[in-house]
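I have placed the structure first, in the form of C-alpha cells, so that the comments after it can refer back to it.
Computed from the coordinates by the stated procedures, all read-outs in this text should not be read as laboratory data. Keep in mind it's a predicted model, so treat the numbers as computed, not measured. With ideal geometry, Cβ positions are generated from the backbone for all residues, glycine too; neighbour counts draw on all protein chains shown.
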Amino acid sequence: MTTSQPLIAVMGVSGSGKTTVGERLATALGLAYADGDDLHPAANIAKMTAGIPLDDADRLPWLDAMGHWLAAHEDRGAVVSCSALKHEYRDRLRAAASGLYFVALDVPRAELVRRMTTRTRHFMRVELLDSQLAILQPLTAQEYGRTVDATRDVDTVVHEVLAALDPGSAGTQPR
C-alpha cells in the first residue's frame with residue numbers, strides 16, 4: 001500500500017452488512033468513513049427505489065464519485081462501503097486510489113433476504129437482490145483484499161479484518 005493508513009472498501013451485495021462493518025472498521029481504525037449509498041446520483045436512487053436494477057452506465061458516475069472521495073483521503077486513510085460487484089468496478093476504484101484493500105462480505109442468499117426484509121428505511125428492494133447476485137464476481141487471489149464470512153457477529157468480522165491488516169499479528173498477512 002502507498003499510505004501509512006489503509007484505504008479500505010467494504011464490498012458486497014445489498015444486505016451483506018457493508019454499512020455496519022464499514023462504520024465499525026472506520027471507528028476502530030480512527031479513519032473517515034463514507035457510505036457508497038450516499039454517493040449515488042439521485043437518478044440511481046430513484047431507479048432502485050422503483051425496483052429497476054442499475055446497469056454499468058448508471059454505476060460509472062457513482063464509481064467515479066467514490067474513487068474521487070477515496071483519492072481525497074489517500075494520504076490519511078479511509079473506509080468506504082460499496083457493492084463493487086464486478087472486477088472492472090474494483091479496477092476503476094483502484095485506478096483512482098492505489099493500494100485500495102477490499103473486504104468482501106460473504107453471506108448466503110437466504111440470510112440476505114432475511115436481512116433485507118427486516119430492515120427499515122433503505123431504498124434497495126429485495127426484488128433487486130438476484131440482479132446483484134447475478135453479476136457478483138468474487139475477489140480473486142490476485143486482488144488485494146480478503147473475503148470474510150459476514151454471517152458472524154460484527155465484532156468478529158471486524159477483528160478478522162483488523163488482524164489481516166496488521167502484518168505483525170500472528171503471522172497473518174493482508175490477503
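Between LEU60 and THR147, what is the FRET efficiency for a Förster distance of 25 Å, r being their Cβ-Cβ separation, to the nearest 0.05? Kindly include the intermediate steps, with their values, before the conclusion.
Numbers: r = 25 Å, r/R0 = 1.00.
With a Förster radius of 25 Å, E is 0.50.
What value in Å³ per residue do you get for the convex hull of the alpha-carbon atoms in segment 9-49? List each step's numbers first, then the result.
On the way: hull volume 2.8 nm³, N = 41.
Measuring per residue, one finds 68 Å³ for the Cα hull of segment 9-49.
Amide H of ALA104: which non-local residues (sequence gap of 5 or more, or other chain) have their own amide H closer than 5 Å, using H built in the peptide plane?
Under 5 Å from the amide H of ALA104 lie the amide H atoms of MET11, ARG146, THR147, VAL148, each far enough along the sequence or on another chain.
What is the log10 of I(q)/I(0) for segment 61-105, computed with the Debye formula using one identical point scatterer on each Cα and no solvent, at q = 0.30 Å⁻¹?
Here log10 of I(q) over I(0) equals -1.29.
Any idea what the dipole of segment 52-152 comes to, in debye rounded to 20, about its Cα centre with Lys/Arg Cβ at +1 and Asp/Glu Cβ at -1? Write down the numbers at each step before the final one.
Numbers: 14 positive and 14 negative charges, 92 e Å.
That gives segment 52-152 a dipole magnitude of about 440 debye.
From the gyration tensor of the Cα coordinates in segment 23-86, what semi-axes in whole Å does the equivalent ellipsoid have, largest first, with each one equal to sqrt(5λ)? Show your work: numbers first, answer last.
Working: eigenvalues 120, 32, 16 Å².
For segment 23-86, the semi-axes come out at 25, 13, 9 Å.
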